[in-house]
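Each remark here refers to the structure printed beneath this line.
The values are calculated or read from the model by the stated rules, or taken from the named source; none is laboratory data. These figures come from a predicted structure and were not determined experimentally. Glycine also receives a Cβ, built like all others from the backbone with ideal geometry; neighbour counts cover every protein chain displayed. Note: areas computed on protein heavy atoms with side chains; ligands, DNA, RNA excluded. Shrake-Rupley method; radii C 1.70, N 1.55, O 1.52, S 1.80 Å.
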Amino acid sequence: MSMFSNFMFPPPSSIFVTTMSIISFIALVNYGISEIRGKHLNYSKFWNANNNSGKQIKFSGKFSSKVGMLLLYTPAFLAAAASFWIFPNEGFRSTVLHSALSLHYFKRVFESLFVHKYSASMLLDSAIPITLSYFMSTITLIYTQHLTKELPQPSINLIYPGIMLFLIGIIGNFYHHFLLSKLRGKGEKEYKIPKGGLFGIVICPHYLFEIIDFYGVFFISQTLYSLCFAIGTTLYLLGRSYATRNWYLSKFEDFPKNVKAVIPFVF
């Protein structure tokens, strides 16, 4: 514990933060395990994956992926943007955290509107838990940081490495989303094997950079909750990328077997 105290704030005596730390971590790990087992959250290429009967899904809660993606990210973006007004002038660390979260979700809203190409739908029962996860994790990250304002700073300051990690993550994630968007021409909806960037060694480099992004957020924040959320997100995206690689293997006979899921040359 003394080692952790060198680079982390002590956990706040908050039932809300403690509860959210446990819930977020368990939920993300459970989603990751479910992805590996073939029970997917119904969006992107997996939106109809849990319908094993082969029958058409008739569900009033199905809507376009573009609307769904905006639903996922907009509440979290608004929460992050509002943090500048709700918790103003709380120091450099809090300002950087608020800025990072605002930029993270602004990028996602921007990509949803102007970058992503859509070929499927999204179901409401998948959109709601993802939206709540992003929204609740954002307000918990912000509130947890607020609770540290009277505490002494960790002896090892990770803010500047965190900013670097965050920028690498968000730029790398955007770049690979851009490459994915260029795979399809106008009016095309079929999936193709991605190429360019790190797609030659992992099938989900956008997930790899998202993981880097959230460890950047942890380094900026240096709280136990941000660490739990970063680890939970990592485990979920490992499961999601594993399922994605298996999907490509099942759909494309020429999919290169040496391409890993998310960690180059390892997994």
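Kindly establish whether Leu180 is part of a helix (DSSP H, G or I), more than 18 Å from Pro264 (Cα to Cα) and open to solvent by 10 Å² or more (accessible area, probe 1.4 Å). Taking the combined requirement at face value, the residue satisfies it.
Identify, from the list Ala120, Ala127, the residue that is open to solvent by less than 30 Å² (accessible area, probe 1.4 Å) and under 15 Å from the mean Cα position of the chain (by Cα).
Working: Ala120 fails: under 15 Å from the mean Cα position of the chain (by Cα).
Going through Ala120, Ala127 in turn, just one is open to solvent by less than 30 Å² (accessible area, probe 1.4 Å) and under 15 Å from the mean Cα position of the chain (by Cα): Ala127.
Any idea which residue in the stretch 67-88 is farthest from Tyr118 (Cα to Cα), counting only those that are more than 17 Å from the chain's Cα centre (by Cα), open to solvent by less than 50 Å² (accessible area, probe 1.4 Å) and aliphatic (A, V, I, L, M)? Talk me through it step by step, then tell me what you get.
Restricting attention to the stretch 67-88, the residues satisfying the condition of being more than 17 Å from the chain's Cα centre (by Cα) are 67, 81-88.
Filter again for open to solvent by less than 50 Å² (accessible area, probe 1.4 Å), leaving 81-83, 87.
Keeping just the survivors that are aliphatic (A, V, I, L, M) gives 81-82.
Numbers: Ala81: 27, Ala82: 30 Å.
The qualifying residue farthest from Tyr118 (Cα to Cα) is Ala82.
If you go through the stretch 190-227 and keep only what is under 30 Å from Glu150 (Cα atoms) and part of a loop (DSSP other than H, G, I, E, B), you end up with Gln222, Thr223. Residues in the stretch 180-194 that are farther than 16 Å from Ala120 by Cβ, basic (Lys, Arg) and within 24 Å of the chain's Cα centre (by Cα): Lys182 alone. Return a yes/no flag: does the stretch 235-253 have any residue that is part of a loop (DSSP other than H, G, I, E, B), modelled with pLDDT under 95 and open to solvent by 10 Å² or more (accessible area, probe 1.4 Å). Checked the stretch 235-253: at least one residue is part of a loop (DSSP other than H, G, I, E, B), modelled with pLDDT under 95 and open to solvent by 10 Å² or more (accessible area, probe 1.4 Å). Taking residues in the stretch 143-170 that are in a loop (DSSP other than H, G, I, E, B), and partners anywhere that are open to solvent by 60 Å² or more (accessible area, probe 1.4 Å), the pairs with Cβ atoms closer than 9 Å and at least 6 places apart or on different chains are Leu147/Ser13; Thr148/Pro10; Leu151/Pro10; Pro154/Ser5; Pro154/Asn6; Ser155/Ser5; Ser155/Asn6; Ile156/Asn6.
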